[in-house]
Amino acid sequence: MYAQLVKSEGKSQAELTPEDIAFQERIDRGEKIEPKEWMPEGYRKTLIRQIGQHAHSEIVGQLPEGNWITRAPTLERKQILLAKVQDEAGHGLYLYCAAETLGVSRDQLLEKLHSGEMKYSSIFNYPTLTWADMGAVGWLVDGAAIMNQVPLQRTSYGPYSRAMIRICKEESFHQRQGYAIMMKMATGTPEQKRMAQDALNRLWYPSLMMFGPSDKDSVHSVQSMAWKIKMNSNDELRQKFVDQTVPQAEYLGLTVPDPNLKWNEEKGGYDFSEPDWDEFYQVLKGNGPCNKERLGARVKAWEDGAWYRDAMVAHAKKKAARAVAAE
Amino acid sequence: MPSLPDMMTPDAEGLARQAGQGGAHAPAADADQDAFVEFLLRMGDNALILGHRNSEWCGHGPVLEEDIAMSNIALDLIGQTALWLGLAGEVEGKGRSADDLAYLRDAWDFRNLLLVERPNGDFGATLMRQFLFDAFHFLQLRALTGSADPRVAEIAQKALKEVSYHLERSAEQVIALGDGTAESHARMQAALDDQWGYAQEMFASDATDVTMAAAGIAPDPASLRKPWDDTVDAVLAQATLKRPESSFAHKGGKQGTHTEHLGYILAEMQFLQRAYPGASW
Ligand SMILES: [Fe+2]
Ligand SMILES: [Fe+2]
C-alpha cells in the first residue's frame, strides 16, 4: 500500500496503564481521536510513520506519471494527466498537514525521506515506459490505493480520517481516467494493444506488492488493527483487488500475466500467484529499477529550491518589520 | 554560392513572376482571413509552449504549494490552447483540429514568442518569464474582450479571469524574490537581464498585427507597451530590481523563426502523434 511495513509500537498486555485501556475503549466505541486529546506515545509514533509514509508516496508518486506529461498525446490527455498528478501533490499536502497535528513538521518528515530513513511505496520505483503505463498506473496503482484508502476513511484518528475522505473523492477519478486510457489502447492499433498488454505485464505484480507481504509475515498488523489505523489485513485487500481487477482486464481483452489465475468457486474469489517477495524486499532496500532516480529527483527539487524558500521567509520577515515600523 | 540557384534555374524571371502571382491576386478578405488564422495561432502557440514549459516543473517544484500552483497555471494555459487552436482550425477551414495544429506542425509553423520557449532555468527565472509574459497577456486579453469577433471576445473573457490570477501571483513572487535574500535578488536580476531582450518581441507589431487592429479584432501590440511598462516598472521597483536599459529585441518567433529550443520541445511533445500516425488516444 502507500504505507507498507509500518512498524507499530504497541505494549504488552501487562504494561497497559488505565489510560491505555480507556483509550482503547474509546476506539472500540468508534470515537475519533483528535489532536489535542491524550493518546499513547506508541499510537502517535505509529501514526506519524504511517501518515508520513503515505504522504511521501503521494509526492514521489507524482514522478512516474510526471514522466509523461510533456509527451501526452493530445491536449485533453495532457490536461487530464496534469490535473491528476497535481491532485497527488495535493494529497501529499493534506497528509503532511494531518501529520503535523501529531507534532512533526513537514520539513522534518521530508528530511527523513531524503535521508532514506523513511520509505515510500515500492510501486513508485518502477519505470513508466510507454503511454499505456499512464493507463495502467491509474487503473492498477490508484485502484489498489483506493482499496486501502476507502476503509481508512473510518480510521480512528480524526485528521487522518478527514484527509482520507477528501483523497478518496479524487482517487476514483484517477482510476477512471486510467481505465479510459487502457480502453483506448486496448481497442486501438496493434501497437497500442501491445503497449497495453506490456504495461499490464510489467505492473501487475508490483501492484500486488503494494498491499505488503502476507499477513502471516506481517508482525505489526495486530496492534495497528486494534488502534484502527489499519482496517483490513494485507491478504484480504489483495484478494479483493484481484477479484475486482481480473474482470476489468478481461473486459479490455488483456491477459493477466499469471498462469495460475483461476476462479475458485468455493472461496468465491480467484486463486492467483504471489508476487516475488524477494524482489519486493530488494526494492525496499533501494535496489528497484528507479529508486535512485525517484529519490534523487526529490532531493534535487528540495536542494535546488532552498534559495527560493529562504528568500520567501526573508521577504516575509522584511514585510512584517516594515508593517511594524509603519504603525 | 549565392548565384547558384539562378544558374540552375532555366527561366529565373518566369519563376519569379509566377511566384508573385498568388499573393497579388488574392482577394482582400482572404488576406484578412490568413492574418486572422495567423493571429489565432500566435495566441494558441504562446499558451501551448508556455504551458508545456510550466508543466516541466510538475513534481519538481521547490515547495509543494508552488508545485501545485505552477501546474495550475500550466493547466489553464493548455486549456486556453485548445480554445485558440480550435478556433484557428475552424477559421482556417481545412478541417484541422486543435490537436492537429498542436501535434502535427513543425517548428517553422509555430507562431509563439521566443520568450515562452526559453528553457525554464531555476524557479525564479521561470517566474520572471511568467511575470513578463503575464503582464502582456493580461493587457492583450483585456483588450480582446472587446474584439469585433465575438468568438475571440468569448475566449478572451474566460482566459482573462485565469490570467488575472496568474499575473497577481507572478508579480507577488517576483517582488518577494527580488526583495528576499542577496542570493535571490541576484538570481532574479540575472533572470530579468537574460529575458529582457526576448520580452521586447511582444510589442513588435508586424503586418498581421496591423491587419488585425484595423479589423478591430485585436489590439496592436505596440499599443500595449505603455501600460506594460507601468505594470513592470511598479513591480520591479517593489522587487528592488533594476530595469535593463537595452531596448534590443530578439524577434522572429511570431513569424516562425525560432530558437533551437523549440525543436526539442516539439520532438518531445509530438512524439506519440508522430510515431503512431492516425492512432486515437
Ligand atoms: Fe493520491
Ligand atoms: Fe491518485
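For region A:197-289, just list the percent of Cα-Cα distances falling in each 10 Å bin from zero outward, please.
Calculated P(r), rounded to whole percents: 14, 42, 33, 10, 0.
Are there any residues in region B:91-137 with a reduction of at least 30 Å² in accessible surface when going from the isolated chain to the assembly of protein chains? Probe 1.4 Å, please list them by number.
Those residues are B:Asp99, B:Tyr103.
Once the Cα gyration tensor of region A:83-224 is diagonalised, what are the square roots of 5 times its eigenvalues, in whole Å and ordered largest first, as equivalent ellipsoid semi-axes?
Ellipsoid half-lengths, sorted descending, are 30, 17, 15 Å.
For A:Gly269, list long-range residues whose amide hydrogen, built 1.01 Å from N in the peptide plane, is under 5 Å from its own amide hydrogen.
A:Asn264
Around A:Glu9, with a cut-off of 14 angstrom between Cβ atoms, what is the net charge of the other residues, counting Lys and Arg +1 and Asp and Glu -1?
Details: positive: A:Lys7, A:Lys11, A:Arg44, A:Lys45, A:Arg49, A:Lys230; negative: A:Glu15, A:Asp20, A:Glu41.
Every neighbour counted, the sum reads +3.
Determine the share of region B:55-111's accessible area contributed by carbon and sulfur atoms, expressed in whole percent, with a 1.4 angstrom probe.
Working: 990 of 1880 Å².
Here it works out to 53 percent.
Normalise the Cα radius of gyration of region B:27-266 by 2.2 N^0.38 Å (N = residues in it) and let me know the number. Could you put the intermediate results ahead of the total?
Working: Rg = 17.2 Å, N = 240, 2.2 N^0.38 = 17.7 Å.
Taking N as the residue count of region B:27-266, the ratio is 0.97.
If the only charges are +1 at each Lys and Arg Cβ and -1 at each Asp and Glu Cβ, what is the size of the charge dipole of the protein assembly as shown around the Cα centre, to the nearest 20 debye?
Working: 64 positive and 85 negative charges, 203 e Å.
With only Lys, Arg, Asp and Glu charged at Cβ, the dipole is about 980 debye.
Scanning chain B for trypsin sites (Lys or Arg not before Pro) in DSSP loops with at most 14 other Cβ atoms within 10 Å, what's the longest stretch left with none? It would help to have the intermediate numbers written out before the result.
Values: sites that count: B:Lys94, B:Lys242.
Longest stretch, sites excluded: B:95-241.
Membrane-span-like helices in chain B: DSSP H runs reaching 18 Å or more (Cα, own axis), mean Kyte hydropathy at least -0.5? Don't skip to the answer; put the middle values down first.
Details: long enough: B:12-25 (20 Å, -0.63); B:28-55 (40 Å, -0.05); B:64-92 (41 Å, 0.62); B:123-144 (30 Å, 0.75); B:150-178 (40 Å, -0.13); B:182-199 (25 Å, -0.77); B:225-238 (20 Å, -0.70).
Correct list, ordered by number: B:28-55, B:64-92, B:123-144, B:150-178.
Across region A:135-151, in residue order, what do the Karplus-derived ³J(HN,Hα) couplings come to in whole Hz, using 6.51 cos²θ - 1.76 cosθ + 1.60 with θ = phi - 60° and x for Gly and Pro?
Coupling constants for region A:135-151: x, 5, 5, x, 5, 8, 6, 5, x, 5, 4, 4, 3, 8, 7, 4, x Hz.
Considering every residue in B:69-81, what mean count of other chain Cβ atoms within 10 Å of its Cβ is obtained?
Working: counts 2, 2, 10, 3, 0, 6, 6, 1, 0, 8, 3, 0, 3.
Per residue, the number of nearby Cβ atoms from other chains is 3 on average.
If I take the Cα coordinates of chain A and project them onto the principal axes, what are the three extents in Å, biggest first?
70, 56, 33
Whole number please: convex hull volume per residue of the Cα set in the protein assembly as shown, in Å³?
Values: hull volume 126.4 nm³, N = 608.
Dividing the Cα hull volume of the protein assembly as shown by its residue count gives 208 Å³.
Where does the charge balance sit around B:Arg111 when Lys and Arg score +1, Asp and Glu -1, over other residues with C-beta under 9 Å from its C-beta?
Numbers: positive: B:Arg42, B:Lys254; negative: B:Glu38, B:Asp45, B:Asp109.
Within the 9 Å Cβ shell, the charges total -1.
What do you reckon, how do A:His91, A:His114 stack up by accessible area (1.4 Å probe), largest on top? Intermediate results must be reported in sequence, preceding the final value.
Values: A:His91 0, A:His114 40 Å².
Heavy-atom accessible area, descending, gives A:His114, A:His91.
Expressed as a whole number of Å, what is the distance separating the alpha-carbon centroids of region B:202-224 and region A:47-65?
One Cα centre to the other: 49 Å.
How large is the convex hull of the C-alpha atoms of region A:15-151 per residue, in Å³?
Residue-normalised Cα hull volume stands at 131 Å³.
Please sort A:250-262, B:190-202, A:314-326 by packing, taking for each peptide the average over its residues of neighbouring beta carbons within 10 angstrom, highest first. If you can, show how the numbers build up before the last one.
Details: A:250-262: 14.2, B:190-202: 20.5, A:314-326: 11.5.
Most protected by this proxy first, the peptides run B:190-202, A:250-262, A:314-326.
Using the Kirkwood radius built from alpha carbon pairs, what does the Stokes-Einstein equation give as D for region B:81-180 at 37 °C and 0.692 mPa s, in µm² per second?
On the way: Rh = 15.2 Å.
Once the numbers are plugged in, D ends up at 216 µm²/s.
Using θ = phi - 60° and the Karplus form 6.51 cos²θ - 1.76 cosθ + 1.60, what ³J(HN,Hα) does each residue of region A:308-319 get, whole Hz, x for Gly and Pro?
Those phi angles translate into 5, 5, 4, 5, 4, 5, 4, 5, 4, 5, 4, 4 Hz.
To the nearest 10 square angstrom, what accessible area does A:Met39 show with a 1.4 Å probe?
Only protein atoms counted, so the area is about 20 Å².
Can you list residues from other chains, or at least 5 along the same chain, whose modelled amide H is less than 5 Å from the amide H of A:Tyr157?
Hits under the 5 Å cutoff: A:Ile33.
In whole angstrom, note down how far apart the Cα centers of region A:225-247 and region A:104-139 are.
21
What is region A:106-162 by shape, rounded, prolate or oblate, if you read a ≥ b ≥ c off the alpha carbon gyration tensor as root eigenvalues and call it rounded for a/c under 1.5, prolate for a/b larger than b/c, and oblate otherwise?
Details: a/c = 3.18, a/b = 1.18, b/c = 2.68.
The shape class here is oblate.
Output ³J(HN,Hα) for region A:108-114: one whole-Hz value per residue in order, computed from phi by the Karplus curve 6.51 cos²θ - 1.76 cosθ + 1.60 with θ = phi - 60°, and x for Gly and Pro.
Karplus-based 3J(HN,Hα) across region A:108-114 equals 5, 5, 5, 4, 5, 5, 5 Hz.
Ratio to report: Rg/Rh of region B:34-148, with Cα atoms as the point set and Rh obtained by the Kirkwood method; give two decimals. Intermediate values should be presented prior to the final figure.
Details: Rg = 14.6 Å, Rh = 14.7 Å.
Rg/Rh for region B:34-148 comes to 0.99.
The values are calculated or read from the model by the stated rules, or taken from the named source; none is laboratory data. On a predicted model such as this, the values are computed, not experimentally measured, just so you know. Using ideal geometry, Cβ is built from the backbone for each residue, glycine included, and neighbour counts are taken over all protein chains shown. Please note that ligands, DNA and RNA were not included when accessible areas were found on the heavy atoms of the full protein model with its side chains. Shrake-Rupley method; radii C 1.70, N 1.55, O 1.52, S 1.80 Å.
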